[in-house]
1. Give the residues of the stretch 93-113 that are of a type in the set (Gly, Ala, Ser) and assigned to a helix (DSSP H, G or I), sorted by residue number.
2. For a quick check of your reading of the model, give me the residue pairs whose first member lies in the stretch 105-117 and is more than 19 Å from residue 77 (Cα to Cα), whose second is among the basic types (Lys, Arg) and exposed (fewer than 11 other Cβ atoms within 10 Å of the Cβ), with beta-carbon atoms closer than 7 Å and at least 6 apart or on different chains.
3. Within the stretch 50-92, track down each residue that is touching a residue at least 24 places away in the same chain (Cβ under 8 Å), in a loop (DSSP other than H, G, I, E, B) and among the aliphatic types (A, V, I, L, M).
4. Among residues belonging to the stretch 84-98 that are surrounded by 11 or more Cβ atoms within 10 Å (Cβ to Cβ) and among the hydrophobic types (A, V, I, L, M, F, W, C), point out the one that is nearest to residue 20 (Cα to Cα).
5. Applying the selection to the stretch 12-63, what residues are modelled with pLDDT under 70 and under 22 Å from residue 98 (Cα atoms)?
6. Hey, residue 56 hits all of (1) over 28 Å from residue 23 (Cβ atoms); (2) in contact with a Pro (Cβ under 8 Å, 6 or more places away or on another chain) but one; which does it fall short on?
Amino acid sequence: MHSKDLKKGRGAQKNPPNRFLKNVYEVRDDFLEYCRQEGETPENTKTQYIPVFPKTIVNRVDSPDVGMEYSMNPYQGCEHGCIYCYARNSHEFWGYSAGLDFERKILVKKNAPELLE
């Protein structure tokens, strides 16, 4: 992949299918060309912030190599795009991919302040 083909500001360069979904679809180049002729854009690359309402916000950390007993994260997904991120695979449980969806679809835990109380 040439540097001119890279998606600026994104660590993932592909959006692999979610391995948990039964039905998948494929976007074909010839269809995208038809969309462009019709004046449509093939994909919106802006980050989406999707509200979610979990039941808990504080998580117990059982790993002996991490120097904390509890963690809290008010969101899931991340625009940083670190390809080694351990949290990428958890995005698939929400029906999104661990690739570009992880960077473009940020799940915001809207009730985080109430849960923390």
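The values are calculated or read from the model by the stated rules, or taken from the named source; none is laboratory data. Just so we're clear, the structure is a prediction, and the values are computed from it rather than from any experiment. Quick reminder, even Gly has a Cβ in these numbers, built from the backbone with ideal geometry, and neighbours come from all protein chains shown.
1. Just the residues of the stretch 93-113 that are of a type in the set (Gly, Ala, Ser), to begin with: 95, 97-99, 112.
112 - this is the single residue of the stretch 93-113 that is of a type in the set (Gly, Ala, Ser) and assigned to a helix (DSSP H, G or I).
2. none
3. Passing the criteria: 57, 83.
4. Taking the stretch 84-98 as the starting set, the residues that turn out to be surrounded by 11 or more Cβ atoms within 10 Å (Cβ to Cβ) are 85, 87-92, 94-98.
Now narrow it down to the ones that are among the hydrophobic types (A, V, I, L, M, F, W, C): 85, 87, 94, 98.
Numbers: 85: 20, 87: 16, 94: 10, 98: 11 Å.
For the stretch 84-98, the residue satisfying everything is 94.
5. Going through the stretch 12-63, the residues modelled with pLDDT under 70 turn out to be 24-45.
The answer is 24, 25, 26, 27, 28, 42, 43, 44, 45.
6. Residue 56 satisfies all of (1) over 28 Å from residue 23 (Cβ atoms); (2) in contact with a Pro (Cβ under 8 Å, 6 or more places away or on another chain) except (2).
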